[in-house]
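Working notes for the structure below.
The values are calculated or read from the model by the stated rules, or taken from the named source; none is laboratory data. This is a predicted model, so every value here is computed, not measured. All Cβ positions, glycine included, derive from the backbone under ideal geometry; neighbour counts span all protein chains shown. Protein only, heavy atoms only, side chains kept; ligands, DNA and RNA dropped before computing areas. Shrake-Rupley method; radii C 1.70, N 1.55, O 1.52, S 1.80 Å.
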Amino acid sequence: QSAQRYQNIRVETRERVGLITLDRPKALNALNAQTMRETVAAVQAFDADRGIGTILLTGSERAFAAGADIKEMASQDYADVYLADWFADWDGFTRVRKPIVAAVSGYALGGGCELAMMCDVLIAADTAQFGQPEIDLGVLPGMGGSQRLTRAVGKAKAMDMILTGRRMDAAEAERSGLVSRVVPADELLDRALEVAATISTRSLPAALAAKEAVNAAFETTLAQGVLFERRAFHAAFATEDQKEGMAAFAQKRQAEFKHR
Ligand code: HXC
């Protein structure tokens, strides 16, 4: 995809990883409408690109994103935000089928925390700070925070964070299950790229189905989720990648998946 189309993000590829960097440093990557449109367009373009297996989303050292853009929101009234259906475009981000890794350094507040939670694998620098401070602005989370944070860390911690607006550091975020790994800040991008690259060498149909199956855990009952998984597992036996993966194991060699 052509990088020239974007003002507030940078887009590049590293082999089969599509890398998106939020790049609005003067506003700590605050997610204004333009940044939202560009980010959603960029993930959708990578999702459609057969050369890409995994997407990596990151920000700057100081901020993954400091939230939705407060200056842009401040003067809006109910009819404005309702008619424009503010934040609904982010649904396009959550419809992406390829795995999305988030590499979070510095502030991930409000919409920034919510955007990180829309990703599939969250890797935090030891400098990362997560929070939903909307309560301090007289509002509440609006990009899914009350739902995704609650599912990620449970009711008690979600209530604590959302009602007081306090921040969680990286250690607490890992302890609470909000992020999967914490790494030293100066290694963040390399380590996240390794994770994304690893995922992108696997069978893409298997990876997409695995993402769908994990996400089903949030949308359905246990019995239906287990059935969904079992059928997806059965379907994997229709792929050449299943034959290759299992043959490679028997022959003690690295699998070369065809559908990447
Ligand atoms: C617009 C923002 C911004 C934001 C920072 N900036 N966050 N602009 N929207 N969310 C701008 C500042 O205005 C400032 O611009 C510049 O970025 C640097 O920020 P400073 O405040 O000077 O930096 P610092 O003192 O280091 O403090 C960093 C910070 C603070 C703690 C992250 O900026 C902050 O509290 N930001 C707001 C965090 C927040 O409330 N996020 C939730 C937003 S609501 P100038 O031009 O002054 O130099 C949200 C809800 C979504 O996301 C859905 C419900 C509405």
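Listing for the model above:
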quantity	calculated
Complete set of residues in segment 38-56 that are over 14 Å from the mean Cα position of the chain (by Cα), of a type in the set (A, V, I, L, M, F, W, C) and under 19 Å from ALA209 (Cβ atoms)	ALA48, ILE52
Residue that is among the aromatic types (Phe, Trp, Tyr) and touching a residue at least 60 places away in the same chain (Cβ under 8 Å), where the choices are PHE46, PHE64	PHE64
Residues satisfying the stated conditions in segment 73-89, i.e. assigned to a helix (DSSP H, G or I) and within 7 Å of the ligand (Cβ to nearest atom)	MET73
Check on GLY67, within 7 Å of the ligand (Cβ to nearest atom) and buried (at least 24 other Cβ atoms within 10 Å of the Cβ)	yes
Cβ-Cβ under 9 Å pairs, at least 6 apart or on other chains, segment 230-246 side open to solvent by less than 100 Å² (accessible area, probe 1.4 Å), far side among the acidic types (Asp, Glu)	ALA232/GLU212; GLU244/GLU256
Residue satisfying all of: in segment 203-229; among the polar types (S, T, N, Q) and open to solvent by less than 90 Å² (accessible area, probe 1.4 Å); farthest from MET117 (Cα to Cα) among these	SER203
Members of segment 122-152 that are more than 12 Å from the ligand (Cβ to nearest atom) and open to solvent by less than 10 Å² (accessible area, probe 1.4 Å)	ILE123, ALA124, ALA125, ALA128, LEU149
Tally of residues being touching a strand residue (DSSP E or B) at 6+ places or on another chain (Cβ under 6 Å), in a loop (DSSP other than H, G, I, E, B) and crowded, with 18+ Cβ neighbours inside 10 Å across segment 16-45	2
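Quick grid of which residues meet (1) part of a helix (DSSP H, G or I); (2) more than 17 Å from the chain's Cα centre (by Cα):
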site	(1), (2)
ARG191	yes, no
PRO205	yes, yes
ALA213	yes, no
THR220	no, yes
LEU227	yes, yes
ALA238	no, yes
ALA248	yes, yes
